[in-house]
């Protein structure tokens, strides 16, 4: 389930004027009163939301009727999703773009009282949002830089404290983002041509190394040949090199690509990525 791009850009477009006109000598929303500012603005929008700060991360948990739905056992967007996301992102961007608090990431955990157990998560990096307001990123790119996740916990409930137990770090955010962008690239490269099926790829950052698991299986009965495996490694490496360069992130030593069916690992030192940009 993937939200539509237009609905996700509303939070940027609709609040731009408010941010532009709110500039002054001091922050509109001082960090000392940030929690109160959020609660007041959310209440004005009649949003049933809870706000949590963990160091440099803002987390907002929102319950909104008809924002989600179940479709054939899967979680889908409901008719009120656009309204829920627009209202909430307006508040988040309005405050975070006009405060002196050092908030690097925000997380939106969205649920629907009519669809118990279903949760949609959105994670964004505030520098990406600022660049989008400055017209440095288009809608397609800001969408690609947004982390979406869907959870179905059945009869259980999920709290914002459970979902965001600590501050988000840039390297782990990049590992999440890259895993999704690699999956998309491999779908275009291999699945759309009928060569292989591509499922969700894994990504993590540990001890100075990015590691990505390429979840690719052949569509036929025969395993992928060496040339196809080299192709999926090349496509993945190209995505990684370009995204890390765009973030100017170099606080790592190597990138590891893992292809589970053969156990094959490709380890690339940081310096070698320059070739693939």
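Bear in mind that the values in this text are calculations on the coordinates, not laboratory data. This structure is a prediction, so every number in the text was calculated from the model and none was measured. When we count neighbours, we look across all protein chains shown, and the Cβ atoms used for this are built from the backbone with ideal geometry, even at glycine.
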How would the chain be classified by its alpha-carbon gyration tensor: rounded, prolate or oblate, with rounded meaning a/c under 1.5 and the a/b versus b/c comparison settling the rest? prolate
Please give, to one decimal in nm, the separation of the simple spin-label points placed at residue 242 and residue 159, each 7 Å out from Cα toward the Cβ. 4.3
Contour minus Cα-Cα span, residue 131 to residue 230, at 0.36 nm per residue, comes to 32.2 nm
Quick check: the distance between the Cα centres of segment 218-240 and segment 100-120, to the nearest angstrom? 35
Highest-MSF residue in the chain out of 78, 26, 238 [GNM, Cα springs under 10 Å]: 26
Label zone at residue 148 (point 7 Å along Cα-to-Cβ), backbone N below 15 Å, segment 77-117: 77-86, 108-111
I need the shape label for segment 66-221. Rule: rounded when a/c is under 1.5, else prolate if a/b > b/c, else oblate, with a, b, c from the alpha carbon gyration tensor. oblate
Can you give the calculated 222 nm mean residue ellipticity of the chain, where each DSSP H run of n ≥ 4 adds -39,500 (n - 2.57) and the sum is split over every residue, rounded to the nearest 500 deg cm²/dmol? -10500 deg cm²/dmol
Residue with peak Gaussian network fluctuation, the chain [Cα springs, cutoff 10 Å], from 61, 90, 46: 46
How high is the relative contact order of the chain, in percent, counting Cα pairs under 8 Å that sit 6 or more residues apart? 14
Relative contact order (%) - segment 148-277, alpha-carbon pairs under 8 angstrom, separation at least six: 22
According to the square roots a ≥ b ≥ c of the eigenvalues of the Cα gyration tensor, what is the shape class of segment 133-277, taking rounded for a/c under 1.5, prolate for a/b larger than b/c otherwise, and oblate for the remainder? oblate
Note the full-extension length gain between residue 32 and residue 102 as 0.36 nm times their separation in residues minus their Cα-Cα distance, in nm to one decimal. 24.0 nm
With the chain treated as a Gaussian network of Cα nodes joined by springs under 10 Å, which of 57, 88, 140 yields the largest mean-square fluctuation? 140
Separation in nanometres of the label points that stand 7 Å from Cα toward Cβ, at residue 74 and residue 141: 3.0
In nm, give the distance between the simple-model label positions of residue 250 and residue 275, each being 7 Å from the Cα along the Cα-to-Cβ direction. 1.9
Hey, how many Å between the Cα centroid of segment 38-78 and the Cα centroid of segment 246-277? 36
In percent, what relative contact order does segment 111-162 have, based on Cα pairs under 8 Å that are 6 or more apart in sequence? 49
What number results when the radius of gyration of segment 175-241, computed over Cα atoms, is divided by 2.2 N^0.38 Å? 1.09
